[in-house]
1. Please compute the modelled spin-label separation between Lys156 and Lys54, points set 7 Å along Cα→Cβ, answer in nm with one decimal.
2. Give the Rg (one decimal place) followed by the Dmax (whole number) of the range 49-156, computed from C-alpha coordinates and expressed in Å.
3. Would the chain count as rounded, prolate or oblate if I go by the C-alpha gyration tensor, calling it rounded below 1.5 in a/c and otherwise prolate when a/b exceeds b/c, oblate otherwise?
4. R0 = 35 Å: FRET efficiency of Asn130 with Lys213, Cβ-based, nearest 0.05?
5. With contacts defined as alpha carbon pairs under 8 Å and 6 or more residues apart, what's the relative contact order of the chain in percent?
6. Please build a GNM for the chain, connecting alpha carbons under 10 Å apart, and tell me which residue among Ser60, Ser251, Ser32 fluctuates the most.
7. Taking only C-alpha pairs under 8 Å that are 6+ residues apart, what is the relative contact order of the range 49-156 in percent?
8. Out of the range 22-105, which trypsin sites (Lys or Arg not before Pro) are coil in DSSP terms and have no more than 16 other C-beta atoms within 10 Å?
Amino acid sequence: SIPMTYFAGIGASSKNGILIKGGNYLEVLSNSKYLVLDKTGTLTKGNFKVNNIKTFNEFSEGEVLKFAAYAESFSTHPIAKSIVKEFKNEINQNIIKEYTEIKGKGIKALVENKEILCGNFNFINSEIKNAKETSENGTIVYISVNNTFAGYIVIKDEIKETSNEAIESLNKLDVTMLTGDRKSTAKEVADKVGIKNYKYELLPDDKVSEVEKLLLNKEDRESLLFVGDGINDAPVLARADVGIAMGGVGSDAAIEAADMIIMDDDLRKIKKSIDIANKTKKIVN
Ligand code: ADP
Ligand code: MG
C-alpha cells in the first residue's frame, strides 16, 4: 500500500504547479543523481525570432521566406512557428501538395510544384550538392528549391530568465544538456546557463542512446531525470526514471509520456520537487 504521506507530497507538489503521476516518483526523485535537459523550449523559451535572411542563386529574401513559410506551415515545431510568423502574409495551403516532416532535420514539401527543402545543414547537404554552410551565430535554417540552394534564415531563441538559478540550485547533480542544434549554439546556451556537459546535433533516437549510456553508469538506487518540452522528445521522456515535461507546450504525446509535468515551464520547479520528495521521505521513514 502507498503511505499516506505520499498523498501529502503529491498535494504539496500540485500546489506548486508540479503534477506528479504517482507517489512512487517521489521516492525516485529523492534519489536523483543524473539530470538531462533538452535545450529548445526547456532551457530556452522556444520562441525564435528571425534575425536575418541570406540569399543565393538569384533568389530574393521574399522568395526564401515565402518558400520556407509554406514548407513549415503544417509544423508545430518552434522553428516553424517563428518562420510562419515572420512571413506575415496568409498562406494558401491548397498549393502545398506533399509534405513530410523529418524529426530533428526539417521539412520536405511540394509547393507550387517546386520541391522545397527546409532544415539544418546536414539535412540539406545530404540532399543537394550546392548548399553553403555559414558560421553565423544562431540556429540556421537552410532552404533549397528544386535542388538549388536558395539561402538560409538565421533565427534566435532566448534563454529563460530562470534557467541559470535553476541549474545553480541543482549543482549536486550530474547535469547534461542534449540538443539537435549545432555545436556553436549548444555551447553558447550551455556556457550561459552553467552546464559543462553538452551533446549536440543529436537526432531524437540519439537522445535516447545518450540517456541509456548514463543509465548504465547509475548505481543501484540512483535515478536519472530528463526534462524536455515534448517536441520530439517523448521517447526520452519515457526512458528516464522520471520524465519531466513542460506543461505550457501542451503536446499531448509529451504529457502522456511524462511522469511529472511542470505547469508553468519554470525549471526552478525541479529543485522544488526534489525538496518536497526529500521531506516526504523523512516523514515516511
Ligand atoms: P532540439 O534538440 O533543439 O529541441 P529538434 O530535435 O526538434 O531540436 O531539432 C533538431 C534540429 O533539427 C533543429 O535545431 C533544426 O536544425 C532541425 N529541425 C527540426 N525541425 C525542423 C523544422 N520544422 N524546420 C527546420 N529545421 C528543423
Ligand atoms: Mg526539443
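Just so you know, all these numbers are worked out from the coordinates, no wet-lab data involved. Since the model is a prediction, treat every value here as computed from it, not as a measurement. Because the Cβ atoms are built from the backbone with ideal geometry, glycine has one as well, and the counts that use them run over all protein chains shown.
1. So the two model labels end up 1.5 nm from each other.
2. 12.2, 36
3. Values: a/c = 2.53, a/b = 2.20, b/c = 1.15.
Note, shape of the chain comes out prolate.
4. Working: r = 37 Å, r/R0 = 1.05.
Efficiency, from the Cβ-Cβ distance: 0.40.
5. Working: 580 pairs, mean separation 72.5, N = 285.
Across the chain, relative contact order equals 25 percent.
6. Largest GNM mean-square fluctuation: Ser60.
7. On the way: 215 pairs, mean separation 32.8, N = 108.
Once divided by the residue count of the range 49-156, the mean separation gives 30 percent.
8. Working: sites: Lys33, Lys39, Lys45, Lys49, Lys54, Lys66, Lys81, Lys85, Lys88, Lys97, Lys103, Lys105; in loops: Lys45, Lys88, Lys103, Lys105.
Here the trypsin sites (Lys or Arg not before Pro) that fit, given the DSSP loop and packing criteria, are Lys88, Lys103.
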